[in-house]
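Student: The following block contains the structure, expressed as structure tokens.
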Amino acid sequence: MANSLFTTCFATLILAQCSLGVIRQSDLTGILRINPELIGSQYQFFHGVKPDFCNHLDCPDFTELNKTKDYEERAYRASRWVSTSVEGMDYSAAEEEMFDKLFLYIEGENTKKQVIKMTAPVLTKVIAGSGPACKSNFTMSFYLPPSLKQPPQPTDKTVYFSSLPAQKVFVSYFGGYATESAWLEHAETLAKALVRDSKSFNQDFFFTAGYDSPFKILNRHNEVWYIAE
Ligand SMILES: *[C@@H]1O[C@H](CO)[C@@H](O)[C@H](O)[C@H]1NC(C)=O
Ligand SMILES: *[C@@H]1O[C@H](CO)[C@@H](O)[C@H](O)[C@H]1NC(C)=O
């Protein structure tokens, strides 16, 4: 725990440094902007082929808009999720607690006792060091595919439905088993690359997206997301 980067609010410092960069960038023009309303009508999603990293599970549709050596720009359609939030210092402990709740929901802890197929990714929104004593706010979400027309209501009052709008996302990815420090390191690297490239993005939070069960050994795929503005 003492090693947890979040306990020192280190993540907040990283982001604060990045925001200085963005202020300097603000007089630059020509930042690619896409009206989110248009996303969805304008683009062909997935081109009929799901990415391998979805592991044949349902995962949200996106289309790749650009790819640099450091990150991809993707346009996602609006999507529905089932979520739960926790405040804390420790990413791993928070992840475990939230995963258990959402897993119970899909295993039948809902008003219809309906078992729902696992989807990908396991998406966690991290608002670093935002709470009292520098606690971070974590929200974990499981994707609800369009084929699940009427998701059953969760019975756990701390589990709720949420949605993400059609939006543009900056994504970087890495392999192996993701640790808290690996997530943070990749978020920092991505944020710096976006500032360097004068991309406009929301620096108040990032997402971690894990696609694999602990039992998948090879070709693991972990993503860090920042939302374009
Ligand atoms: C944490 O963030 C979620 C979603 O961003 C929000 O709904 C919730 O109110 C926040 N929790 C706290 C304690 O700030
Ligand atoms: C992709 O991003 C790079 C880096 O910012 C930029 O130079 C290039 O013009 C972009 N290409 C497209 C098609 O947006």
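All of the numbers you see were taken from the coordinates with simple rules; none came from a lab. Every value quoted in this text rests on a predicted model; they were computed, and no experiment measured them. So basically every Cβ, Gly included, is an ideal-geometry build from the backbone, and we count neighbours across all protein chains shown.
Student: Alpha carbon centre of the stretch 177-195 versus the stretch 50-68: separation in Å?
Tutor: Rounded to whole Å, the Cα centres lie 20 Å apart.
Student: Follow-up. Place a +1 charge on the Cβ of each Lys and Arg in the stretch 124-200 and a -1 charge on the Cβ of each Asp and Glu, then give the dipole magnitude about the Cα centre in debye, rounded to the nearest 20.
Tutor: Numbers: 8 positive and 5 negative charges, 54 e Å.
It works out to roughly 260 debye.
Student: With 21 Å as the limit, write out which pairs from Lys135/Lys168; Lys112/Lys157; Lys117/Lys216; Lys50/Lys216; Lys125/Lys216; Lys168/Lys192 have Cα-Cα distances beyond it, or answer none. Don't skip to the answer; put the middle values down first.
Tutor: Details: Lys135/Lys168 28 Å; Lys112/Lys157 15 Å; Lys117/Lys216 18 Å; Lys50/Lys216 19 Å; Lys125/Lys216 23 Å; Lys168/Lys192 18 Å.
Distance filter (> 21 Å) returns Lys135/Lys168; Lys125/Lys216.
Student: Moving on. Grab the other residues whose beta carbon is less than 9 angstrom from that of Asn137, score K and R as +1, D and E as -1, and report the net. Please report the intermediate quantities before stating the final value.
Tutor: Details: positive: Lys125, Lys135; negative: Glu87.
Local net charge: +1.
Student: Return Glu96, Glu64 ranked ascending by Cβ neighbour count within 10 Å, so the fewest neighbours appear first. It would help to have the intermediate numbers written out before the result.
Tutor: Working: Glu96 11, Glu64 14.
Lowest count first: Glu96, Glu64.
Student: Got a sec to turn the phi values of the stretch 56-63 into Karplus ³J(HN,Hα) couplings, 6.51 cos²θ - 1.76 cosθ + 1.60 with θ = phi - 60°, whole Hz, x for Gly and Pro?
Tutor: Coupling constants for the stretch 56-63: 6, 8, 5, 8, x, 5, 8, 10 Hz.
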